[in-house]
Amino acid sequence: MKYLAEYRNLEETKKVLNEIHKITKHEWNIMEICGGQTHGLVKNGILELLPEKVRMIHGPGCPVCVTPLNLIDKAIDLLEKGVIVCSFGDMIRVPGSKKSLLEAKALGGDLRILYSPLEAVTIAKENPEKEVVFFAVGFETTAPANALSVLHAEKEGVANYSILASHVLVPPAMEAILDDEFCTIDAFLGAGHVCAIMGTEEYEPLVKKYKIPIVVTGFEPLDLVQGIYMAVKQLEENRVELENQYSRIVTKEGNIAAKNVINQVFEIGTREWRGIGEIPNSGYVIKAKYKKYDAEAKFDISHIKVLENSECIAGEILRGIKKPIECAQFGKACNPTNPLGAPMVSSEGACAAYYHFSII
């Protein structure tokens, strides 16, 4: 199959679900890493159609959800200082410690919603008297475009452009989850869009070290049930392998050109994850060569630190310890209009998926 519609075929999806029921003999906990996978499972009703013995656990794969609270406060601080802050739309309603970017815009901040960081470079060129910062959030998927914006700004001699970067990496997060004393994960569904950039080879050490199956999947209903089937089949047969369900998009080596662009601008360093804390070697930081494009250094805002909201259990949800409906504030004090944490307002957040698709 090669067309998107084929992966939304109801009859084919039912066939695979039936096969999952046939082969499932034991209880298994499978974590889907990506928030896009979570939404696919929830909105298509797949969670209710799986065998009771197959429990899907929602992972930390929502870049908006894992962006630390203090980084949002740093972006708001820049807005309040008169900097033009540019962002993708998924970040603007995520609460900081006191307000969101959207609320800061309502109070007079110059916030621009863009589709590409390259647009932010153009805005900087058109406004040489103003500083322009792009809020560069994401996993490996968005890192190439953000790195490219830095290279483009350097080539064009745009000195009033920088990025506020919070790029986190999936494999170290998986390792942190597996090392957690409360971990009950038997297998992972790997994030297909991340692997489209990075390839599958970086997951092989995790499979070998933790003796755990990893199946890379796409996001359509058939992708997801095929991935679950492959994971359950491995577990039932006592096999431990790295498999690629998303082979129509993902290769072992990934996108070489994209990885080269990332490696020009970024290097691996320690990153903070919202609700989880610092994970060593879990993200990209800007190389010394390009420090003049690092907004944290340029505006001296690294000192801004704030505590997480004590009423929000986002950290436990992102680590797969609890589900959204286990939060006392879910649908009450915390809802999409008044979110306590990012998972309720992010388009890939588990809490938002449960709220909008009435999972109770």
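Considering only the stretch 208-308, give the strands (runs of 3 or more DSSP E) lying wholly within it that have at least 3 residues that are over 30 Å from residue 52 (Cβ atoms), open to solvent by 50 Å² or more (accessible area, probe 1.4 Å) and small (Gly, Ala, Ser).
Counting at least 3 such residues, we get no strands (runs of 3 or more DSSP E) at all.
Out of the stretch 335-351, which residues are touching a residue at least 24 places away in the same chain (Cβ under 8 Å) and assigned to a helix (DSSP H, G or I)?
Narrowing the stretch 335-351 to residues touching a residue at least 24 places away in the same chain (Cβ under 8 Å): 339-343, 345-351.
Residues satisfying the conditions are 342, 343, 345, 350, 351.
Need the failing condition index for residue 86 against (1) within 21 Å of residue 215 (Cα to Cα); (2) crowded, with 16+ Cβ neighbours inside 10 Å; (3) modelled with pLDDT of 95 or more, just the number.
(1)
Which residue, of 25, 14, is in a helix (DSSP H, G or I), modelled with pLDDT of 95 or more and open to solvent by 10 Å² or more (accessible area, probe 1.4 Å)?
Result: 14 is the single residue among 25, 14 that is in a helix (DSSP H, G or I), modelled with pLDDT of 95 or more and open to solvent by 10 Å² or more (accessible area, probe 1.4 Å).
Sort out which residues of the stretch 89-112 are open to solvent by 30 Å² or more (accessible area, probe 1.4 Å) and in a loop (DSSP other than H, G, I, E, B), and write them in order of number.
Selection gives 93, 97, 98, 99, 107, 108, 110.
Can you find even one residue in the stretch 151-166 that is buried (at least 23 other Cβ atoms within 10 Å of the Cβ) and touching a Leu at 6+ places or on another chain (Cβ under 6 Å)?
For the stretch 151-166, residues buried (at least 23 other Cβ atoms within 10 Å of the Cβ) and touching a Leu at 6+ places or on another chain (Cβ under 6 Å): present.
Can you report the number of residues in the stretch 28-53 which are among the hydrophobic types (A, V, I, L, M, F, W, C), assigned to a strand (DSSP E or B) and open to solvent by 10 Å² or more (accessible area, probe 1.4 Å)?
First, pick out the residues of the stretch 28-53 that are among the hydrophobic types (A, V, I, L, M, F, W, C): 28, 30-31, 33-34, 41-42, 46-47, 49-50.
The next check asks that each one be assigned to a strand (DSSP E or B); those that pass are 28, 30-31, 33-34.
Keeping just the survivors that are open to solvent by 10 Å² or more (accessible area, probe 1.4 Å) gives 28.
So the answer is 1.
What's the total number of residues in the stretch 117-134 that are over 23 Å from residue 73 (Cβ atoms), of a type outside the set (A, V, I, L, M) and either open to solvent by 50 Å² or more (accessible area, probe 1.4 Å) or in contact with a helix residue (DSSP H, G or I) (Cβ under 6 Å, 6 or more places away or on another chain) (or both)?
6
Name the residues in the stretch 198-244 that are under 29 Å from residue 144 (Cα atoms) and aromatic (Phe, Trp, Tyr), would you?
Within the stretch 198-244, 203, 219 meet the criteria.
The values are calculated or read from the model by the stated rules, or taken from the named source; none is laboratory data. Just so you know, these numbers come straight off a predicted model, no measurement behind them. Note: ideal-geometry Cβ built from the backbone for every residue, glycine included; neighbour counts use all protein chains shown. When the accessible area is computed, the model is the full protein with side chains, heavy atoms only, and any ligands, DNA or RNA have been set aside. Shrake-Rupley method; radii C 1.70, N 1.55, O 1.52, S 1.80 Å.
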